[in-house]
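Single-structure report; data block below.
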Amino acid sequence: MGASNLQLILDEIVEEMRHVTERGDVADYIPPLACISPQKFGIAVATIDGACHIAGDACEPFSIQSVSKVFSLTAALDAVGEDLWDRIGVEPSGSPFNSIVQLESEAGIPRNPFINAGAIVVADVLLGGRHPDAAMGALLKFVQSLADDDTIYVDHAVAAAEKETGWRNAALANYMRDFGNIMHDPADTLSLYFQQCSLALSCEQLAKAGRFLITDGVDPQTGYRVVTPGRARRINALMLTCGHYDGSGEFAFRVGLPGKSGVGGGILAIAPGIASIAVWSPGLNTRGNSKLGTYALDRLTSRVDWSIFEPPI
Ligand code: GLU
């Protein structure tokens with residue numbers, strides 16, 4: 001795929017998305033997200049050769065929300081290794097992102113690290129006895145280094161709003177604490193979780209931060225090994241099977257790539273060996289995943305023929 005062709009395709013996708021009227025509903029349970037215009041649309045593709053193609057609102061930071069779970073999982077695996085899987089499963093939940101129902105029958109072990117309960121356990125691991133702000137400082141630095149951009153920041157207004165309204169997340173944390181699967185004061189664990197969800201990145205920054213997952217765990221820009229090849233493959237496997245909650249099957253079916261969504265309307269998708277793609281459109285479908293983001297990734301992967309199910313040439 002030539003660079004000019006790819007840019008042309010992205011520009012055409014932006015133009016096509018501009019005319020879509022059914023754009024889904026912006027998440028309003030986190031008040032600052034309710035104010036974001038559903039007209040926004042951005043896309044960025046960071047390719048293995050170091051180029052980054054952008055189109056639409058690709059330079060505007062947005063709340064990455066659950067897309068942050070890819071980075072917190074990566075950092076937690078670095079911190080505690082495979083022991084992480086004693087506290088979290090690796091199965092799709094088939095349930096909404098914030099569901100509590102399976103926790104009772106499954107003894108407080110969340111199905112996977114991408115549903116809220118699983119990501120709260122990951123935050124508990126990352127806390128490691130520190131103050132939540134110190135743990136967040138380390139995670140922020142990690143994301144900045146992946147994107148090679150120290151302007152990436154935590155939107156503290158979003159984090160404060162999540163803290164004020166996140167009763168269901170508080171229920172999940174407290175319930176898991178009762179099962180012994182949260183080791184800290186749930187308020188501290190939640191403080192880190194809310195801050196990580198409030199990371200603000202543009203599509204360009206997000207696509208760049210995902211590059212290590214294109215190349216079996218090595219940052220293609222710097223040659224720095226972020227995770228082992230096995231871990232990079234497993235993170236991609238979890239993105240494919242669990243990255244869109246109870247819409248994960250549909251995303252795999254339509255887009256054919258590992259992807260992780262967030263209620264801010266962002267999606268990070270990985271074409272292994274080829275590119276890291278970030279898309280942002282704030283309107284969500286009924287399963288809490290970006291409506292146009294999914295549609296745009298479907299359009300892109302169909303046009304450029306990227307799929308993990310594509311046989312090697
Ligand atoms: N901060 C959000 C919540 O916990 C994340 C959910 C998401 O992006 O899917 O409700």
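The values are calculated or read from the model by the stated rules, or taken from the named source; none is laboratory data. Note that the structure is a prediction, hence the values are computed from the model and not measured. FYI the Cβ positions are ideal-geometry reconstructions off the backbone, even for glycines, and counts take in every protein chain you see.
Summary of computed values
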| quantity | calculated |
| --- | --- |
| Elements of type helices (runs of 4 or more DSSP H) contained in the stretch 94-162, each with 3 or more residues being surrounded by 22 or more Cβ atoms within 10 Å (Cβ to Cβ) and within 14 Å of the ligand (Cβ to nearest atom) | 116-127 |
| Residue within the stretch 249-257 that is within 12 Å of the ligand (Cβ to nearest atom) and closer than 22 Å to residue 54 by Cβ present | no |
| Residue ranges of helices (runs of 4 or more DSSP H) in the stretch 199-313 with at least 1 members more than 18 Å from the chain's Cα centre (by Cα) | 229-242, 248-255, 291-304 |
| Given (1) among the polar types (S, T, N, Q); (2) under 20 Å from residue 259 (Cβ atoms); (3) free of Cβ contacts under 8 Å to residues at least 12 places away in the same chain, number of the condition residue 98 does not satisfy | (3) |
| Qualifying residue in the stretch 168-178 (condition: within 16 Å of the ligand (Cβ to nearest atom), buried (at least 18 other Cβ atoms within 10 Å of the Cβ) and among the polar types (S, T, N, Q)) | yes |
| Where a residue in the stretch 166-185 is of a type in the set (Ser, Thr, Tyr) and its partner, wherever it lies, is at pLDDT 95 or above, with Cβ under 8 Å and at least six apart | 175/108 |
| Count - residues of the stretch 74-93 that are within 14 Å of the ligand (Cβ to nearest atom) and in contact with a Pro (Cβ under 7 Å, 6 or more places away or on another chain) | 0 |
| Residue under evaluation residue 32, criteria (1) within 16 Å of the ligand (Cβ to nearest atom); (2) part of a helix (DSSP H, G or I); (3) within 30 Å of residue 107 (Cα to Cα), criterion not met | (3) |
| The stretch 194-208, residues that are aliphatic (A, V, I, L, M) and crowded, with 24+ Cβ neighbours inside 10 Å | 199, 201, 206, 207 |
| Selection status of residue 68, closer than 21 Å to residue 197 by Cβ, touching a Cys at 6+ places or on another chain (Cβ under 7 Å) and not in a loop (DSSP other than H, G, I, E, B) | yes |
| Unmet criterion (only one of (1) at pLDDT 95 or above; (2) within 13 Å of the ligand (Cβ to nearest atom); (3) among the charged types (D, E, K, R)) for residue 287 | (1) |
